[in-house]
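Report on the structure given below.
Every number in this text was worked out from the coordinates using simple rules, so none of it is lab data. Model, not experiment: these values are computed from the prediction. Don't worry about glycine lacking a Cβ; one is built from the backbone with ideal geometry, like all the others, and counts go over all protein chains shown.
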Amino acid sequence: MKKKVPRLPEAAPLIKKSIAVGSGKGGVGKTTTAVNLSIYYARKGFRVGLIDLDPLSDITTLLDLSESEETLKDFTIVDDSGNLEDHVIGVFENLDIIFPESKLRINQRQSLMDKIYSKFSGELEERYDILIFDLPAGSNDEDNLLFLPFMGSLIVVTNPEPTAHVSAGAYIRKLWDNSPETTIYLWHNRFRSNRWGNFEPLAVVKNYNRNVSEELRIPEEEAEEKTENIACIPEDPSLDLLRGDPAIIANIQRSMLDIIEVIQEERLDEIPLEIRISSKVFDLIKYYIYNNRNIENTDKFLEELGEYLKTTLMGVLGEEVVGDSSFRIFTEAERKALLKYLERVKSDPIHQIVLRIIRLLEKKIEEMENRDNPFFSGQGITPDRAIDRETGSLLMELNRYSISNGRLKNNGGLLLFYFSLYKLFQSPSMVRLISDFIPRKTLRGRTVRDRNRQIRYLVENNREYRKRFFSLIKTVYPVVIRQVSQLVKTFELGNLIFRNREKKVNREAYLKLLTNFIHDAVFSGLSVIIGFKYRTAAVAFSEGAEKILKTIPDVPAEPATVKEEV
């Protein structure tokens, strides 16, 4: 018996000002990407309709619409009476979820297509500046590929691991079988730039081709012309909804860890290498040292480094070149110079302290994340004397070196600031200041974080929220300044103080650091990436969203309303 599938209405129109967000498999962040794009554009002032095509969608969960189960009972997609408003949930200013009803049965999916491409097509175009379609995961014709020829732009979401790339490749191949002219924008979530074996993090089609039979492969010249890597979003665990409410101390420790890893990289740049090596190869060498921290035997370490470089170069130069017995990674002169360099790295005091702190912080963060200790419990933590001791030692080393090195000075100043926060927020009273700021609601008889209201604060210009936020900053700021001053006095860190042109303490710099820290701490764990000015993931997301915006036909040059920055 032939399987029933939905049909598109005759003469279905191209929905020009639309973004379809699809994926070859579930779990890669497709819905999170669709929701965050919707919030990003709504925040800019565009009127955005987020159209839920995924039968297994968790959009309402992600946006914390706790009343959604009851609300959705009133939505009936197969009812041909009524108007578009009967299929819309207004979420935030400028953002609606459209067709949130169940779409598991064939008659529900058929009714959905009729409404999108026939009954409400003109109204959707007129009412919204941008329409974002959250597609089902996978490549079923009836649930997914049928829509794609009628979309303005298509994003395929993937992760940098082999199964995700194989699934994405299969999705792309099947799409091009049906719609060969479609350009695909690849959106890489949880992105890591490091490659291993013959896996290349950005080469989706190439990685797919390596894992399928010849008749299923995609011509790589075709893929080069019709795909574009539009965004690479690094993993940011504090923005992961599945982690729940992360501990504030863990947020501070992650910031300390990020700064210390930058200091490690800068220190590797400073240690002299007595031979000229191409900057790209030296970057790979530093990357390997950075990820393989313990240098015990320099000869053995250099040998393993050479194998890593060989594997990496194989993807660039080809196996026939690198695999030849005459091919050498290093000349004898380079080998001797690198051995000296590794000895210097091994004995460098800053490098050694950095390694010890990285191990301590990674262990502590893991303990904090695995502990049943909610972010907003108002609890402090037991001081970790090893972290205190090693961080104090590193700050004193940086204070000495920073006289002649501006980059170390700036990062030393940042570490001093976050170490001050680390000391302060060991106090339960300081944690409670943040805890009391968080909106709450009652759900099934217990008080929980009101994530929906917090996301609303990010999207909308709420004056009352701004007033409370700046009141919180005003309370915390003088306490932080006193803590910084105390650490400077205790460890004699005068060179690490941020100063203005008049050589006075740069209070504006500390105020900005504190404001951004509290903002990030308050809004962490929402699975929302917009609104974080200085997080790498947020910056990368904004850049990707702006690139996609430029690919969509018929989007107005200016949003309906321009949002004031919160």
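For the listed peptides 216-227, 34-45, 512-523, 161-172, a ranking on the average number of other beta carbons within 10 Å per residue, highest first, reads 34-45, 161-172, 512-523, 216-227. Take the Cβ atoms of Arg468 and Asp269, set R0 to 45 Å, and the FRET efficiency comes out at 0.55. Taken along the Cα-to-beta-carbon direction at a fixed 7 Å, the label points for Glu161 and Glu366 span 1.7 nm.
Cβ neighbours within 10 Å, averaged per peptide: list 455-462, 173-180 in order, most packed at the top.
Values: 455-462: 19.0, 173-180: 15.0.
Descending packing order for the listed peptides: 455-462, 173-180.
Spatially, the stretch 246-273 and the stretch 529-560 are offset by 28 Å when compared through their Cα centroids. With bins 5 Å wide starting at 0, give me the P(r) of the stretch 165-218 over every alpha carbon pair, in whole percents. The distribution over the stretch 165-218 is 4, 19, 28, 24, 16, 7, 2, given as percents.
I need the peptides 550-556, 127-133 ranked by packing, meaning the mean over residues of other C-beta atoms within 10 angstrom, with the highest value on top. Can you show the working numbers first?
Working: 550-556: 13.9, 127-133: 23.1.
Top of the packing list down: 127-133, 550-556.
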